[in-house]
Amino acid sequence: MKAELKLDGIQFGYDSKQLINVNHCVFSSGEIVWLKGENGSGKTTLMRLLAGLLSPSSGRLNLKDQQGNVLSAKQRQERIVYLHPTPYLFDMSVIKNLKLFSRSSHPVALKQALSLFSLDDIQHWHVKKLSAGQQQRLALARAWLKKPLFLLLDETLVHLDQQKLGMINGLLQQMVDDGCCIISCSHQADAVTFGNSREITIKNGSLYELPTSVEAQTYG
């Protein structure tokens, strides 16, 4: 059974302005979703709703795990990781960030994360010394250690060079193969979304997906 993140009748706005209006949409484990849209279309707002950082003004957002259990809001926050373009890092060293954020502080897992994300040589650096690309790799390493059901990437890969992008793409694809769903929000296809993703466009707060058949499916 697949984990599912389901939106039903989700609406969100400020004052009298409605920003998000999604009648029904389902994201499932083991898939990559490319969320597209112009500036101000509501991409980041939707990602924050999915992550539980914002509460909808109406509607339901449910997360079922692979066993079919509906998770509570607190449990959802444990199984969904949202990465902002400028990741929040604790005011300490790289290795301590990994230990605090991960679901497991097992030395083998930590050593593997440092190696996979090319953080070995800077593991004792304070995060204030890190470049933007190094900060993003640390944030991705923390997410990898947490083993989320859903990983939300909000322009997360913008500071990575081509060599690191190729490496990160392989690691993220492995997460998908292991059952994670990755939702990547970006203006253009990147190493994660290019060629192998569902493409969903957000426009005026509603979602539109162009399936392999003829007409676009509307979720708003």
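Each value in this text was obtained by applying a stated rule to the coordinates, not by laboratory testing. The structure displayed is predicted, hence computed values, not measured ones. Positions of Cβ are generated from backbone atoms using ideal geometry, with glycine treated the same way; all protein chains shown enter the neighbour counts.
Here are the numbers:
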| read-out | value |
| --- | --- |
| Angle between the chain longest axis and helix 107-116 axis [Cα atoms, degrees, rounded to 10] | 80 |
| In sequence order, calculated HN-Hα J values of the stretch 7-22 (Karplus, 6.51, -1.76, 1.60; Hz; x Gly/Pro) | 10, 10, x, 6, 10, 7, x, 10, 6, 9, 9, 8, 9, 10, 8, 10 |
| Cα gyration tensor shape of the stretch 53-151, rounded if a/c is under 1.5, else prolate or oblate by comparing a/b with b/c | prolate |
| Between 0 and 90°, nearest 10: helix 132-146 axis offset from the chain longest Cα axis | 80 |
| Convex hull projection area averaged over all views, the chain, Cα basis, nm² | 12.6 |
| Charge dipole magnitude, Cβ of K and R +1, D and E -1 - the stretch 85-180, Cα centre, debye nearest 20 | 380 |
| In the stretch 57-109, trypsin sites (Lys or Arg not before Pro) in a DSSP loop with at most 14 other beta-carbon atoms within 10 Å | ARG103 |
| Given charges at beta-carbon only (K, R positive; D, E negative), |dipole| of the chain in Debye | 720 |
| Net length gained if the chain between LYS146 and ASN23 were fully extended (0.36 nm per residue, minus Cα distance) | 41.2 nm |
| Computed helical MRE - 222 nm, the chain, DSSP H runs ≥ 4 contributing -39500 (n - 2.57), nearest 500 | -9000 deg cm²/dmol |
| Whole-number percent relative contact order across the stretch 1-127, with pairs defined as alpha carbons under 8 Å at least 6 apart | 23 |
| Between the stretch 52-90 and the stretch 19-35, the alpha-carbon center distance in angstrom | 13 |
| Contact order normalised by residue count of the chain, Cα under 8 Å, 6+ apart, percent | 30 |
| Residue among PRO107, ILE168, GLN18 farthest towards the positive dipole end of the chain, charges placed on Cβ | PRO107 |
| Cα long-axis angle, helix 162-177 against the chain (0 to 90 degrees, to the nearest 10) | 60 |
| Computed over the stretch 96-189: relative contact order in percent, which uses C-alpha pairs under 8 Å that are six or more apart | 31 |
